[in-house]
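The block underneath contains the structure these notes are about, expressed in structure tokens.
The values are calculated or read from the model by the stated rules, or taken from the named source; none is laboratory data. Everything numeric in this text was worked out from a predicted model, so none of it was measured. Cβ placement follows ideal geometry from the backbone for every residue including glycine, while neighbour counts extend to all protein chains displayed. Ligands, DNA and RNA are stripped out before the accessible areas are found, and what is left, the full protein with its side chains, is counted by its heavy atoms. Shrake-Rupley method; radii C 1.70, N 1.55, O 1.52, S 1.80 Å.
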Amino acid sequence: MAFEKLKATLEGNGYTVSVFSTGAEAARYLADEVKGTSVGLGGSMTLKEMGVEELLRENNTVYWHWSSTDPKEAHRQAASADVYLLSANAIAEDTGEILNIDGTGNRVSSSLFGHKKVYFVAGRNKISPDYESALYRLRNVVSPKNAQRLGRKTPCAVKGDKCYNCDSPERICNALVVFYKKIGSMDREVILVDEELGY
Ligand code: SF4
């Protein structure tokens, strides 16, 4: 089974873990699990590629700033939703540490507190051997790609190669959250997908 060791490690850290072969299967699972409630989504190419928003909207009220005409209001609504979905920017395979980096803060704050349940979704490209390589990935792969996607005038977006630890007012990586273990305030499930999803 894919992710057998990582699944056991994450379960040892306190998480419920589900494994899927494709993003489509994972999206179907989430739509079957989450019904009749309010759902907030963090900005995530993984979730977008999975098409999970459309499926969740069939039976829930969904708040996502990426598809809202009022992104700031959608941020506030997502923050008070019962269920929150986000991707993991990286997971350290040896320890099960989950890392997320954020510019606005809505995604990492919702991952910490305030919902009944949080789902972290990660494709196989998000799995790094250890904490150091996971952090390297966040700084030098995830953030530059997101800066380019957002059209930011940061050195990483312009040059497209690495993080320059910039002082740009358009900097997108301002906070790092590392989950060593499951925080006890909410249910948390990790969805591992044996497919490349997002950055
Ligand atoms: S600190 Fe600046 S250069 Fe480095 S990844 Fe973030 S936005 Fe890009």
If amide H atoms are modeled at 1.01 Å from N in the peptide plane, then the residues at a separation of 5 or more from F20, or on another chain, having amide H under 5 Å from its own are L192, V193, D194
For region 1-49, the Cα gyration tensor yields equivalent-ellipsoid semi-axes (√(5λ), largest first, whole Å) of 22, 14, 12
Once both label points are put 7 Å beyond Cα along the C-beta direction, the T69-A175 separation in nm becomes 2.9
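Give me the extension gain from E54 to F113: residue separation times 0.36 nm, minus the current Cα-Cα distance, reported in nm with one decimal.
Details: separation 59, 0.36 × 59 = 21.24 nm, distance 2.51 nm.
Full extension from E54 to F113 adds 18.7 nm.
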Rounded to two decimals, the Debye log10 I(q)/I(0) of region 101-199 (Cα scatterers, no solvent) at q = 0.11, 0.17, 0.24 Å⁻¹ is -0.37, -0.86, -1.35
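Can you pull the percent of the chain's accessible area that's carbon plus sulfur, 1.4 Å probe, other chains left in place?
Numbers: 4390 of 9150 Å².
On the chain, the fraction of accessible area on carbon and sulfur atoms equals 48 percent.
How big is the dipole moment of the chain about its Cα centre under a simple scheme where the beta carbon of each Lys and Arg is +1, that of each Asp and Glu is -1, and everything else is neutral? Debye, nearest 20, please.
Values: 25 positive and 26 negative charges, 121 e Å.
For the chain, the charge dipole is close to 580 debye.
How much area per residue is accessible in region 92-157 when the probe is 1.4 Å and only protein heavy atoms are counted (Å²)? Mind dumping the intermediate values first?
On the way: 2720 Å² over 66 residues.
With all protein chains present, region 92-157 gives 41 Å² per residue.
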Expressed in nanometres to one decimal, the distance between label points 7 Å along Cα→Cβ at D187 and V158 is 4.8
Quick calc: nm separation of the 7 Å Cα→Cβ label points for S21 and S168 -> 4.1
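What does the net charge come to around D82 if you take all other residues with beta carbon closer than 10 Å to its beta carbon, with K and R at +1 and D and E at -1?
Details: positive: K116, K117; negative: none.
Value of the local net charge: +2.
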The equivalent-ellipsoid semi-axes of the chain, taken as the square roots of five times the Cα gyration tensor eigenvalues and listed largest first in whole Å, are 24, 21, 15
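Would you mind working out the magnitude of the charge dipole of region 103-160 relative to its Cα centre, with +1 at each Lys and Arg C-beta and -1 at each Asp and Glu C-beta, to the nearest 20 Debye?
Details: 12 positive and 2 negative charges, 57 e Å.
So the magnitude is around 280 debye.
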Computed about the Cα centre, the charge dipole of region 71-125 from +1 Lys/Arg and -1 Asp/Glu charges at the Cβ has a magnitude in debye, to the nearest 20, of 260
Amide H proximity to V121 below 5 Å, modelled H, separation 5+ or other chain, gives L86, S87, A88, I191
Region 127-178: Kirkwood hydrodynamic radius (Cα pairs, Å) comes out at 11.2
Semi-axes a, b, c in Å (a largest) for region 52-97, each sqrt of 5 times a Cα gyration tensor eigenvalue, come to 25, 13, 10
Over region 1-88, with neighbouring protein chains present, the accessible area per residue in Å² at probe 1.4 Å is 46
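Under the definition of Cα pairs under 8 Å and six or more residues apart, what whole-number percent is the relative contact order of the chain? The partial results should precede the final answer.
Working: 416 pairs, mean separation 56.3, N = 199.
After rounding, I find 28 percent.
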Computed on Cα atoms, the radius of gyration and Dmax of region 27-133 in angstrom are 13.7, 41
Using a 1.4 Å probe on heavy atoms of the protein chains only, the accessible area for S80 in Å², nearest 10, reads 90
